[in-house]
1. With every protein chain kept in place and ligands, DNA and RNA left out, what is the accessible area per residue of the protein assembly as shown? Probe 1.4 Å, answer in Å².
2. Taking 30 Å as R0, compute the FRET efficiency from the Cβ-Cβ separation of residue B:39 and residue A:3 and round it to 0.05.
3. Treat each spin label as a single point 7 Å out from the Cα along the C-beta direction, and report the residue B:141 to residue B:451 distance in nm.
4. Along the Cα-to-C-beta direction of residue B:342, a point sits 7 Å from the Cα; which residues of segment B:109-140 have their amide N less than 18 Å from that point?
5. By how many degrees, 0 to 90 and rounded to 10, does the Cα axis of helix B:2-12 deviate from the longest principal axis of chain B?
6. May I ask you to derive the relative contact order of chain B, considering only C-alpha pairs under 8 Å and at least 6 residues apart, and to give it as an integer percent?
7. In segment B:85-125, what residues drop by 50 Å² or more of accessible area when the other protein chains are put back, versus the chain on its own? Use 1.4 Å, and skip ligands and nucleic acids.
8. Charges only on Cβ, +1 for Lys and Arg, -1 for Asp and Glu: so what's the dipole of chain B about the Cα centre, in debye to the nearest 20?
Amino acid sequence: MKKYEVLEHPAELRLMIYGKTIEELFINAAEAMANILSSKFKEVQPPKVDSQYLEVEPLKIESVDLNSLLVDFLSEILAKSQINKCVYLVSKIKITQLPNYSITKSPSLEAEFIGYPVEHFDEDIKAVTYEDLNIQKINGIWQTILVFDI
Amino acid sequence: MVIWKSVFRRCFGIAIIFDIIKTMLTKKDLIKITDYLWEIPKSFRADMRVPARIYVSEKMLADVFRDKSLEQLINTATLPGIVKYAIAMPDAHEGYGFCIGGVAATKFPDGVISPGGVGYDQNCGVRLLISHYTEKEIKSHLEKLATEIQKEVPSGLGRGRQIKLSIAEIDKILESGIPCLVNRGYGEKEDIENCEHQGRMEMADPSCVSEMAKNRGRDQVGTLGSGNHFLEIQKVTEIFDEEIAKAFGLFKDQVVVMIHTGSRGLGHQNCTDYLRIVIPAYPKYGIKLPDKELACVPFNSPEGQRFFKAMSAACNFAWANRHMIMHYVRQAWKSVLGEKANLKLLYDVAHNIAKIEEYEVDGEKMKLIVHRKGATRAFPAGHPEIPEKYRGVGQPVIIPGSMGTASYVLVGTEKSKEVWYTVCHGAGRTMSRHAATRALSGQEVVRNLESRGIIVKCYSMKGIAEEAPMAYKNISEVVEVVHNAGLSRRVARLIPLAVIKGE
């Protein structure tokens, strides 16, 4: 199964993100963003645990709905990336308050990351947008369009 | 909180239809008002509060049906407190919430303010510097000038500038904009006057900007960014109005420098932060919108006030960014051409901003919150908010073209009062970045530009391909619409001699 694919957009970067679970969809969305920020980050060895670049504090977020949770989650990672000059992959994630995977109840998440320092970003992602964002399960696969403002 | 909700409902008589039937829009739904103005009547969709208007020629009309810009314009017409029309300029293209090239004025102080109506790049804008040289006089120095400017002005996608400002220094910039930089010896007093709003929104409050946003901006003052942001050495190829060109200090074959960028990561984070505050506040104020990214709250609500103060601060940061880039360009200019060589600031205009301005609406004077998202303020002659030296002719309006194509200098007119003294901001995309990179390689685009004698300095070939001129509307056609519609008048046409791209 594809993790994500690039779609057309007249000015910005539009992706389709997939996942067997909602957690996997979040992980794949973060990986898509990391690849856009730096196509070569995987060639860099992640620093050791005591390095300043490794994000050791787990991220905790609560949002009004699942779509907002994805935007808030990626926005936090994006800001940390730009401040620390790192890209991040998710090493652990737990999404809670999702009775029956409802997309309308206020959900929250906790996540941990591995940080990869980069000398240079390939793309300047300005923001993660709500444009066309709609997390839904189609034929057993969780998916959503995701538009980055670039 | 409860009072706000009831006041808001009473003020606007909100009777929002929750299940909006999205009707397919076709050309027959547009009423032709003039050869350059079309209207979608309020009756087109039940939730529209005002008609939607687009300035475009019949020839260009097909472009706006290619993406979601008209649907987004109609959505903008649903904003609580919107006055007269939702407006799109001829460079309109799909954005999020508002279309890019969108204009909307809401009632002050009880209408809404919309972070979505400003956009992520708060106070993205453009400034034009004029030299006293002709192309012939400095042609042999152009390559060196472009190299030096590229060296002096980083994109900021790598390690940023060498100097990382403290949070206290960022706060000073957020609060005071350009004047504090001039006071520290960066630039001249005249640079303050020759900038929209004198480079400082007085409502700015750094305490309304998050630490995260400030941290994103610490090494970004004086950086260009990426995407369609650029720096060009240009020459004046055509003068359309000799008298006004003279007032602006422009002459044929003159070498000028254009800077196009915004508030960088600080502004982007600021918008993201406020969407996170504003969107959950909709129920509190009884706001229902067809698109989440329209994102608005009443101007006088606590959230609206904080957003306006934070956006004003980010606008000050953007002006400071363009000002410091100008400072570094001036340094490069002097290092190549000698200490006596100078670049004067003609003008600096914002094109992503919300401002309080006074207008006469149906015979009544009132203040409005004017949102310009990818649109340029264009005040006419005599307006008190433009520099005294331009007051006799009107505000200089700078319209950057896409990379490698022409740019224009226009002048504001009284007629543009019908669009809250606003015109277009550029060419407007017609092709996705992805499609552009598939159609042409960066090397091909560079070869094409170099074959036309244009010097190109860019670290990223992908960035060059994405910004290929064919991915944009024809800037001359866009400018022709605003000129023929009377929203502004052409003064001069500029073409690039050297392009310095961020990434």
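1. Here the residues of the protein assembly as shown average 37 Å² of exposed surface.
2. It comes out at approximately 0.10.
3. Inter-label distance under the simple model: 3.2 nm.
4. In segment B:109-140, the label zone of residue B:342 (backbone N under 18 Å from the point 7 Å along Cα→Cβ) covers B:128-134.
5. That works out to roughly 90 degrees.
6. Here the relative contact order equals 21 percent.
7. With the partner chains in place, segment B:85-125 has these residues losing at least 50 Å²: B:94, B:96, B:120.
8. 760 debye
The values are calculated or read from the model by the stated rules, or taken from the named source; none is laboratory data. Predicted model only: the values in this text are computed from it and were never measured. Heads up, the Cβs are rebuilt from the backbone with ideal geometry, glycines too, and the neighbour counts pull from every protein chain shown. Side chains are part of the model used for accessible areas, which takes the heavy atoms of the whole protein and leaves out ligands, DNA and RNA. Shrake-Rupley method; radii C 1.70, N 1.55, O 1.52, S 1.80 Å.
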